[in-house]
Amino acid sequence: MSRIILAPMEGLADNILRDCLTRIGGIDLCVTEFIRVTTQLLPPKVFQRLCPELINGCKTPAGIPVRIQLLGSDPEALAANAVRALELGSPGVDLNFGCPAKTVNRSQGGAVLLQEPKRVAHIVATVRRAIGDDAWLSAKMRLGFTTKDLALENAKEIEGAGANELTVHARTKVEGYRPPAHWQWIKKIHAVVTIPVIANGEVWTPEDYTSCQQVSGSDDVMIGRGLVWKPDLALQIRHQQDKQPAQDWNWSALVPIVLYFIDLVEGQVPVKYQDARVKQWLKLLGRVYPQAEACFEQGKRLKTLNELRSLIINSQDN
């Protein structure tokens, strides 16, 4: 069966959200927010902070594997940190060649590297030599930085340097997250590489998932914002694949997960950031659920988690 993979989303898809989304079901693999590598071998606590699942066999409480992602441009430093990630328990390492953030790109990380395919290849090859032939190595790229001219070359270099699989976010850096995602370009990449290629971008519904597979030629699909806005999306896709009746979660069905999310935030996030973390997800959920949007609007000035809990509980009656 094809895989549904939760995308790495900096400042959003942390272990708390990974726990909540994988409890709902349908997700086969998670990739962490990127761990930024400069020139140093990072201490274990850095890995454990961004991937607390390491203490649980690198799986979420629901048992879904979590793969650590690294971002940087120093091949030797990335290689050393990849070895450490594996030693700490990550079931593989993912290399980020797709982040569009200006601060990251200015520091020669993420999508800016796609302007130099040979440099990308050198990074992948250096990491592969360090971790050995048997360890799992994946990479994520966009279609390019300003244009798509180097998309096929980058994909071929990543494969040739030793990656086991490649995820392609079907937009360039300058296209950001604006629709459309150019799934047809992923099909072009399939034609020039033999490793599995995972499609990513603009999957919001089960119908989008099917269209993405058909147009891209990819069996596996990575979903980011679609799962954050509609947490049962992966489960809906599975029901569709199994030809089962769609079990669309309404707001009342989702409320226990949101309350569980708040409990995790209370236990893991510093007090001064707790309300903002809850409001962040409520705002995004509000794109699908009117009740979440109402909770966000009504809760803007609330500061305590207990007030937000009461607001969410009472929203089920609306």
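The values are calculated or read from the model by the stated rules, or taken from the named source; none is laboratory data. Just so it is clear, the model here is predicted, and its values are computed rather than measured. We place every Cβ from the backbone using ideal geometry, glycine too, and count neighbours over all the protein chains shown.
Quick notes on this one:
- Contacts under 8 angstrom Cβ, first residue in the stretch 58-81 being among the charged types (D, E, K, R), partner assigned to a strand (DSSP E or B) and modelled with pLDDT of 95 or more, 6 or more apart: 59/65; 59/66; 67/29; 67/30; 67/31; 67/93; 67/94; 67/138
- Residue within the stretch 134-148 that is aromatic (Phe, Trp, Tyr) and farther than 28 Å from residue 26 by Cα present: yes
This table checks each residue for (1) in a loop (DSSP other than H, G, I, E, B); (2) farther than 30 Å from residue 254 by Cα; (3) outside the structural domain of residue 265 (by TED's automatic domain parsing); (4) at pLDDT below 95.
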residue	(1), (2), (3), (4)
20	no, no, yes, no
23	no, no, yes, no
27	yes, no, yes, no
49	no, no, yes, no
73	yes, yes, yes, no
83	no, yes, yes, no
87	no, yes, yes, no
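- If the condition is being in a loop (DSSP other than H, G, I, E, B), under 22 Å from residue 50 (Cβ atoms) and without any contact (Cβ under 8 Å) to a residue 12 or more places away in the chain, then the stretch 269-294 contributes only 270.
- The number of residues in the stretch 170-193 that are touching a helix residue (DSSP H, G or I) at 6+ places or on another chain (Cβ under 7 Å) and either within 19 Å of residue 218 (Cβ to Cβ) or assigned to a helix (DSSP H, G or I) (or both) comes to 10.
- Yes/no for residue 111 being within 22 Å of residue 218 (Cβ to Cβ), touching a helix residue (DSSP H, G or I) at 6+ places or on another chain (Cβ under 8 Å) and buried (at least 16 other Cβ atoms within 10 Å of the Cβ): yes
- Residue count for the stretch 158-169, restricted to those that are surrounded by fewer than 20 Cβ atoms within 10 Å (Cβ to Cβ) and either modelled with pLDDT under 95 or part of a strand (DSSP E or B) (or both): 1
- Out of 240, 213, one residue alone is free of Cβ contacts under 8 Å to residues at least 60 places away in the same chain and either among the β-branched types (Val, Ile, Thr) or surrounded by fewer than 22 Cβ atoms within 10 Å (Cβ to Cβ) (or both). It is 240.
- Verdict on residue 181 being under 26 Å from residue 232 (Cα atoms), without any contact (Cβ under 8 Å) to a residue 40 or more places away in the chain and of a type in the set (Gly, Ala, Ser): yes
- Within the stretch 82-111, the only residue that satisfies the criterion of being among the β-branched types (Val, Ile, Thr), over 17 Å from residue 129 (Cα atoms) and in contact (Cβ under 8 Å) with a residue 12 or more places away in the chain is 104.
- Cross-chain or 6+ apart pairs with Cβ under 7 Å, the stretch 112-133 first and touching a residue at least 60 places away in the same chain (Cβ under 8 Å) and among the acidic types (Asp, Glu), then in a helix (DSSP H, G or I) and buried (at least 17 other Cβ atoms within 10 Å of the Cβ): none
- Selected residue [under 13 Å from residue 141 (Cα atoms) and either surrounded by fewer than 20 Cβ atoms within 10 Å (Cβ to Cβ) or of a type outside the set (A, V, I, L, M, F, W, C) (or both)] from 87, 116: 116
- Number of residues in the stretch 216-237 that are within 24 Å of residue 291 (Cα to Cα), assigned to a loop (DSSP other than H, G, I, E, B) and without any contact (Cβ under 8 Å) to a residue 60 or more places away in the chain equals 1.
- Scanning the stretch 112-135 for residues that are touching a Gly at 6+ places or on another chain (Cβ under 7 Å) and not small (Gly, Ala, Ser) gives 114, 124, 128.
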